[in-house]
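Everything below concerns the one structure shown next.
The values are calculated or read from the model by the stated rules, or taken from the named source; none is laboratory data. Bear in mind that the values here come from a model prediction, so they are computed numbers and not experimental data. Note that we place each Cβ from the backbone using ideal geometry, even for glycine, and neighbour counts take in every protein chain shown. Only protein heavy atoms, including side chains, enter the accessible area calculation; ligands, DNA and RNA are left aside. Shrake-Rupley method; radii C 1.70, N 1.55, O 1.52, S 1.80 Å.
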Amino acid sequence: MELKVHWHKEVASKFPELALCTGIIRKVKVQPTTPEIEKLRNEIFEEARRSFVLETLKDNPIVRAYRDFFWRLDIDPTKTRPSGEALLRRVLQGKEIPKISNVVDAYNLASLKTIIPLSGYDLDTLFPPLIVRFSNENDVFQGIGMDSPVKLEKKMLLLTDQKRILCIYPHRDADATKITGKTENVLIVGYGAPKIDGEKLREAVITALELIRRVAGGTIEDVELHPCTA
């Protein structure tokens, strides 16, 4: 399956250096916490604590790139943090990260490991091709954990399919397309930012897919980079 991504001309004009990377894994077995995911969690937590220091995390070039990008999106990254940084920061503070399911936990660990924001979607609920565009006055969105939909402000950067919003780029995923116990086929999306090259996105998506396969089985296919083009 070739998954196409279309970039709205306004986005391409303002952020020509953006890119997305997508990857698909099929026939996974979604389960609650398992010994294998706990082992993986401990491995990646220990690696993170060896590799990063909380006090200097803001100076990491990947963290810096996403923070700078958030400011350009009118998002304060010290209040709404990019997901990779937020997960890594929690571990460095000695806190736990949420335990959702083996598949969700695996791609969250990949995001923590690479500091690249990642999403996971139930592929069979999507209506491709995907679109990256700015929000308008008619857009409403219900994210994971939200009790009801909210009306979005104009000019928020979005990832959508042909029917609905999938993500407020790159930090809040939709409830309707989340991974559940019934999910069999998964789409992973790695979100780029200016100064983040395509190879880092590809590495993060491949890491997520490999970790998912390790804890939930499945067959990896179709890792694709989608550079911003009008």
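Considering the range 33-47, the residues that are β-branched (Val, Ile, Thr) and under 14 Å from ALA216 (Cα atoms) include one that is farthest from the chain's Cα centre (by Cα), namely THR34.
Give me the pairs: first residue in the range 92-118 and over 16 Å from THR22 (Cα atoms) and part of a helix (DSSP H, G or I), second residue open to solvent by less than 10 Å² (accessible area, probe 1.4 Å) and of a type in the set (D, E, K, R), beta-carbon distance under 8 Å, and six or more apart or on different chains, which are they? Every condition considered, the pairs that remain are ASP105/ARG41; LEU109/ARG41.
In the set (1) part of a loop (DSSP other than H, G, I, E, B); (2) out of contact with any helix residue (DSSP H, G or I) (no Cβ under 8 Å at 6 or more places or on another chain); (3) open to solvent by 60 Å² or more (accessible area, probe 1.4 Å), the condition left unmet by ASP124 is number (1). Among the residues of this structure, ALA106 counts as one that is more than 13 Å from VAL189 (Cα to Cα), modelled with pLDDT of 95 or more and either surrounded by 17 or more Cβ atoms within 10 Å (Cβ to Cβ) or not aliphatic (A, V, I, L, M) (or both).
Restricting the first member to the range 44-55 and to residues that are more than 23 Å from ARG214 (Cα to Cα), and the second to residues that are outside any helix (DSSP H, G or I) and modelled with pLDDT of 95 or more, the beta-carbon pairs closer than 8 Å and six or more apart or on different chains are PHE52/ASN60; LEU54/GLN93. Of the residues ILE44, ILE24, ILE62, ILE37, the single one that is assigned to a helix (DSSP H, G or I) and touching a Leu at 6+ places or on another chain (Cβ under 6 Å) is ILE44. Of the residues examined, THR229 is one that is modelled with pLDDT under 95 and β-branched (Val, Ile, Thr). Total residues in the range 3-54 satisfying the condition of being charged (D, E, K, R), open to solvent by less than 70 Å² (accessible area, probe 1.4 Å) and in contact with a strand residue (DSSP E or B) (Cβ under 9 Å, 6 or more places away or on another chain): the figure is 1.
Residue-level check: of (1) touching a residue at least 24 places away in the same chain (Cβ under 8 Å); (2) open to solvent by 30 Å² or more (accessible area, probe 1.4 Å); (3) within 24 Å of HIS226 (Cα to Cα), TRP71 misses just (1). Taking the range 158-230 as the region of interest, the strands (runs of 3 or more DSSP E) fully inside it that hold 1 or more residues being among the small types (Gly, Ala, Ser), touching a residue at least 12 places away in the same chain (Cβ under 8 Å) and open to solvent by less than 20 Å² (accessible area, probe 1.4 Å) are 186-191. Collect the residues in the range 130-151 that are more than 17 Å from PRO117 (Cα to Cα) and crowded, with 18+ Cβ neighbours inside 10 Å, keeping them in residue-number order. Hits for the range 130-151 are LEU130, ILE131, ARG133, SER135, ASP139, PHE141. Tallying residues that are within 20 Å of THR114 (Cα to Cα) and hydroxyl-bearing (Ser, Thr, Tyr) within the range 15-53 yields 2.
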